[in-house]
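Data first, discussion second: the structure below is written as structure tokens.
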Amino acid sequence: MAVVQRQRIVAVARSWIGTPYRHQASLKGVGADCLGLIRGVWREVIGPEPEAPPAYARDWAEAGGREAFAEAAARHLEPVDATAMRAGDVILIRWRPHLPAKHAGILTGPDAFLHAYEGAAVVESPLGPWWRRHVAHVFAFPGATD
């Protein structure tokens, strides 16, 4: 497994800022959704994607009712305790307590993260109290190191 510097993960993720939101897309400067951002950063820092995501509707998490996003992340990323999350880690967010996690971002520091969301683009946002309360899972890229 290759070593990946966390600062490189953050720098690559930041290079996606301004990429327009496009459902199911993962092409820097052209379009990405939140999963597409994670996939694109993976390709730049790790290499080819280990699995292709299936087509998914906007309500995929609500319709499925299981933690499919977290299950897929656990196949390829390393679980991290939420109290130990650091820059370069992937966070999965649950919109409501009873729903599976369906949004993702990459931490850029202790109080900020990058994500793509509908109606906007890839942006860096403060990881304020609302977001912190909704973090459901945290993962590190394989080989991530300081």
3J(HN,Hα) from dihedral phi, region 107-112, Karplus parametrisation 6.51/-1.76/1.60, rounded to Hz, x for glycine, proline:
5, 10, x, x, 10, 8
Sites excluded, chymotrypsin sites (Phe, Trp or Tyr not before Pro) in DSSP loops with at most 15 other C-beta within 10 Å, longest stretch of the chain
1-94
Extending each Cα 7 Å along its Cβ direction at A120 and I17, get the distance between those two points in nm, one decimal.
1.3 nm
Kindly provide the trypsin sites (Lys or Arg not before Pro) of region 71-134 that DSSP labels as loop, not H, G, I, E or B, and whose Cβ sees at most 11 other Cβ atoms within 10 Å.
none
P(r) tail for the chain, what percent of Cα pairs lie past 23 Å?
27 percent
How would T19, T145 line up from fewest to most surrounding beta-carbon atoms within 10 angstrom?
T145, T19
Report the charge-dipole magnitude of the chain in Debye, nearest 20, computed about the Cα centre from +1 at each Lys and Arg Cβ and -1 at each Asp and Glu Cβ.
180 debye
Rounded to one decimal in nm, the spacing of the 7 Å Cα→Cβ label points at R43 and A55 is 2.0 nm
Counting DSSP beta bridges with both ends in the chain, the antiparallel % (nearest 5)
90 percent
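Each value in this text was obtained by applying a stated rule to the coordinates, not by laboratory testing. What you see is a predicted model; the values in this text were computed from it and never measured. Quick reminder, even Gly has a Cβ in these numbers, built from the backbone with ideal geometry, and neighbours come from all protein chains shown.
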